[in-house]
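Worksheet for the structure shown next.
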Amino acid sequence: MDPKRPLPLHVAVLATLAAGLSAIINNVAALALLMPLDVEAAEKAKRAAGQSLMPLSFATILGGMITLIGTPPNIVISEYRQDALGAPFDMFDFAPVGLTVAIAGIAFVSLVGWRLLPTRTQLAGHQVDLNKGRYVAELRIGDEAADGDLMVQDLYPQAENAGINILGLIRRGRRRPGLARREVLLPGDFLVVEGEPKSIESFMGQVRLDFAGSEKHEGGVTSTGLALVEAIVPDGARIQNRTARALGLLQRHSVTLLGVARSGKRFRDRVRLLPIRSGDVLLLLGDPERVAAATEWLGVLPIEGRSTEVIQRGKAGISVAIGLYGARPCLPASSKPPSGSSMSSTTISRAG
C-alpha cells in the first residue's frame, strides 16, 4: 500500500480488494490478511489507522454477500433451502444483489464514510513512539537475492521504501570496509541493516533475504509460523556479558538472535558475536513456543505487545492454494446431503 496515496483513494483501493477477497474466502480471513497492511500504511503515512480500518471491516462484510461461501449466513440459508425446497443456492445466486450492495457500500465508505469517523491523533502518535526501537541486524544473501551482478547500492531504493539503513556487508565472517556500496552481492554474504522489526521483515520480503539459521526454522505448511519477539536484558541475565554463539542459542533452542538495540548506538561486531550488556534489547526470531522457552532460559524479559509475525513467503502460494481448495463447496448444487448429516457439519466442510 502506497502511504503517499490520498486517503479516499487508499480506502477505495483497499475496500475493493477486501470485497473481492471476501467473495472467494471467508470475510474474517480476508480481514485478517489485509489489516496488517492497512496498519503499516497508516504508520508510514503518519495518520490514525482507525480512519481506514473501519471502512476495511465494512468492505469485507459487503464482499461476503457476493457469493455462497463469502460468509457463513449465506451457507446456512443455502442449507435451509436444501431442506425445505430440495435444492440449495448456487455459488453466484447471491451475486446480483450482493454485488450491487457491495459497490454502493464501497462508494459510500470511500467518499463519505471515512469522514464521519473520529480522528484519534494522540493514539496514533503513541503507537509510533512505541515502535522507535531500531535494531542492528544481519540478513543473509541467498541464491535468489544474489542472482546477477547486484551491488549493495542497488538495494538502497528498497531499503528506503522499507524504512531501514544499510550499514555494511559481511563476507567470510569479516566486515567489509565502509558501507561496501559497490560490492557485488554473493551467496552467503550477510547484509548489515538497521531498522525497526516490521521494517526489517518487510525488507527481507522485498529483496528475498534469509536470516542466520533459517534452515533450522523450516517446517511443514501447517507448522506454527515464526515470530519476532523483542526482549530486554536485565541485570544478572544469563546472556549478560556473553554472546549468542557462546551460549549456543541457535543450536540449543532453534532461536536466532536477529538483532540488538543498544540505546541507538551502532556497533561493528557481528550480532551473534556481540557481548550483550544489561539494558540491551534483543530481537529474537523463531517458533513462538521456542522463543518463549529461550527468553526464560536467557533470563531476558519479553516486552509486552512487541511481537511481530514473520510471513514465510516461500510457502505463501501453497497456503493460498490450500485455503482456496478448502473454501470450495464440497457438494454440487444438485446434490442433497445424506439424511444422517447435520447442518453444522455440512456448513463447516463448505466454509473450509
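Apart from one condition, Arg5 fits all of (1) open to solvent by 40 Å² or more (accessible area, probe 1.4 Å); (2) at pLDDT below 80; (3) touching a Lys or Arg at 6+ places or on another chain (Cβ under 9 Å); the exception is (3).
Among the residues making up region 171-191, those that are modelled with pLDDT of 85 or more, touching a helix residue (DSSP H, G or I) at 6+ places or on another chain (Cβ under 8 Å) and hydrophobic (A, V, I, L, M, F, W, C) are Ala180, Leu185, Leu191. For beta carbons closer than 8 Å, sequence separation of 6+ or different chains, a first residue in region 28-44 that is touching a residue at least 60 places away in the same chain (Cβ under 8 Å) and open to solvent by 50 Å² or more (accessible area, probe 1.4 Å) and a second that is among the β-branched types (Val, Ile, Thr) and assigned to a helix (DSSP H, G or I), the qualifying pairs are Glu43/Val128. For first residues located in region 162-190 and in contact (Cβ under 8 Å) with a residue 40 or more places away in the chain and aliphatic (A, V, I, L, M), partners that are assigned to a loop (DSSP other than H, G, I, E, B) and surrounded by 14 or more Cβ atoms within 10 Å (Cβ to Cβ) and lie 6+ apart or on another chain with Cβ distances below 6 Å form the pairs Leu185/Ile141; Leu185/Ala146; Leu185/Leu150; Leu186/Ala146. Filtered by the rule that a residue be surrounded by 16 or more Cβ atoms within 10 Å (Cβ to Cβ) and modelled with pLDDT of 85 or more, region 210-234 gives Val229, Glu230, Ala231, Ile232, Val233.
Among the numbered conditions (1) under 25 Å from Ile303 (Cβ atoms); (2) at pLDDT 85 or above; (3) open to solvent by 50 Å² or more (accessible area, probe 1.4 Å), the only one that Tyr156 does not meet is (1). Checking each residue in region 264-279 for being modelled with pLDDT under 90 and charged (D, E, K, R) picks out Lys265, Arg266, Arg268, Asp269, Arg270, Arg272. Quick check: is even one residue across region 281-304 open to solvent by 40 Å² or more (accessible area, probe 1.4 Å), modelled with pLDDT under 75, under 22 Å from the mean Cα position of the chain (by Cα) and more than 29 Å from Ser22 (Cα to Cα)? Yes, region 281-304 contains a residue that is open to solvent by 40 Å² or more (accessible area, probe 1.4 Å), modelled with pLDDT under 75, under 22 Å from the mean Cα position of the chain (by Cα) and more than 29 Å from Ser22 (Cα to Cα). So which pairs qualify, if the first residue must be in region 77-92 and in contact (Cβ under 8 Å) with a residue 40 or more places away in the chain and on the phi < 0 side of the Ramachandran plot, the second must be β-branched (Val, Ile, Thr) and buried (at least 18 other Cβ atoms within 10 Å of the Cβ), the Cβ gap must be under 7 Å, and the two must be at least 6 apart or on different chains? From residues that are in contact (Cβ under 8 Å) with a residue 40 or more places away in the chain and on the phi < 0 side of the Ramachandran plot, the pairs are Glu79/Thr346; Met91/Thr67. Restricted to helices (runs of 4 or more DSSP H) entirely inside region 1-72, those with at least 1 residues that are under 16 Å from Leu111 (Cα atoms) and more than 21 Å from the chain's Cα centre (by Cα) are 7-24, 50-63.
So Gly259 clears everything in (1) assigned to a loop (DSSP other than H, G, I, E, B); (2) surrounded by 20 or more Cβ atoms within 10 Å (Cβ to Cβ) except one condition, right? Which one? Condition (1) is where Gly259 drops out.
From the list Gly133, Gly142, Gly148, Gly168, the one residue that fits, being at pLDDT 85 or above, open to solvent by less than 60 Å² (accessible area, probe 1.4 Å) and outside any helix (DSSP H, G or I), is Gly168.
The values are calculated or read from the model by the stated rules, or taken from the named source; none is laboratory data. Worth saying up front: this structure is predicted, and the values here are computed from it rather than measured. As a convention, Cβ positions derive from the backbone with ideal geometry for all residues, glycine included, and neighbour counts pool all protein chains shown. The area values use the complete protein model at the heavy-atom level, side chains included, leaving out ligands, DNA and RNA. Shrake-Rupley method; radii C 1.70, N 1.55, O 1.52, S 1.80 Å.
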